[in-house]
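Structure first, commentary second.
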Amino acid sequence: MNDKLARWNKLKEICLRCTACPLAARRTNVVFGEGVLDSPVMFVGEGPGEQEDLQGRPFVGPAGQLLDRMLAAVGLSREKNAVICNIVKCRPPGNRTPTVAEGEKCLPFLRAQVDIVRPRIIVCLGATAVRHIISPDARITRVRGQWAERKGFWITATYHPAALLRDPSRKVEAWEDMKSLQAKMKELGLPVNS
Ligand code: URA
Ligand code: SF4
């Protein structure tokens, strides 16, 4: 754990100084990601929004509040047993979707984060995470709730909480995806507290 924390903090230090892509120019804060480093589950969003940029923390705006509730519903939280990261660590102006080039520039940070945490499960939140983690032509509507094992990680996807705020009718499917996550955790012998 201490070793994980030391590696995480070292990586974070580098990330906070990163200017590798154009998103560096207009950020207020780099949003590295946070959570418990021994967690079995990592969630990956798209990139910081306004609140995240201002506070330097992932998923702390309206979408983040919904995410926290989704996690709590299956016994997960960033304080106890989950890690929350993004594809890009700097806010795209006006919350536009990060370009493929920006995502690819930033991806080594996420890869290193995965390498430190070594979660059993990675949950892609929305289309951008799906594109970069699962495949460039994977569609969120098709891959959500599906599971694939890759390099020892179980990977799945669900809708981005911001998409659920725009279209609450998708919450039914998102809930199914969270139940599927819980079932996978049980199957893998991971503690499920709820
Ligand atoms: N949306 C994201 O994709 N990530 C955040 O951290 C906040 C909102
Ligand atoms: Fe660096 Fe990622 Fe920020 Fe681009 S988004 S400047 S690659 S940390």
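Contact map, segment 20-43: first residue among the β-branched types (Val, Ile, Thr), second residue in a helix (DSSP H, G or I) and near ligand 2 (Cβ under 9 Å from one of its atoms), Cβ cut-off under 7 Å, separation 6 or more or different chains; pairs are Val30/Cys15; Val30/Leu16.
Among the residues making up segment 62-111, a single one is part of a loop (DSSP other than H, G, I, E, B), among the charged types (D, E, K, R), touching a residue at least 60 places away in the same chain (Cβ under 8 Å) and more than 24 Å from Ser39 (Cα to Cα): Arg91.
The single condition among (1) loosely packed, with under 14 Cβ neighbours inside 10 Å; (2) within 11 Å of ligand 2 (Cβ to nearest atom); (3) assigned to a helix (DSSP H, G or I); (4) without any contact (Cβ under 8 Å) to a residue 40 or more places away in the chain that Asp3 does not meet is (2).
Of the residues making up segment 133-142, just one is over 13 Å from Cys85 (Cα atoms) and touching a residue at least 24 places away in the same chain (Cβ under 8 Å), namely Pro136.
Determine whether segment 134-155 contains at least one residue that is assigned to a helix (DSSP H, G or I) and closer than 19 Å to Pro48 by Cα. No, segment 134-155 has no match at all.
In this structure, does Phe59 turn out to be modelled with pLDDT of 95 or more and in a helix (DSSP H, G or I)? Please lay out each step first, then the result.
Values: modelled with pLDDT of 95 or more: yes; in a helix (DSSP H, G or I): no.
The answer is no for Phe59.
The values are calculated or read from the model by the stated rules, or taken from the named source; none is laboratory data. These figures come from a predicted structure and were not determined experimentally. Cβ coordinates were reconstructed from backbone atoms using ideal geometry, including for glycine residues, and neighbour counts include every protein chain displayed.
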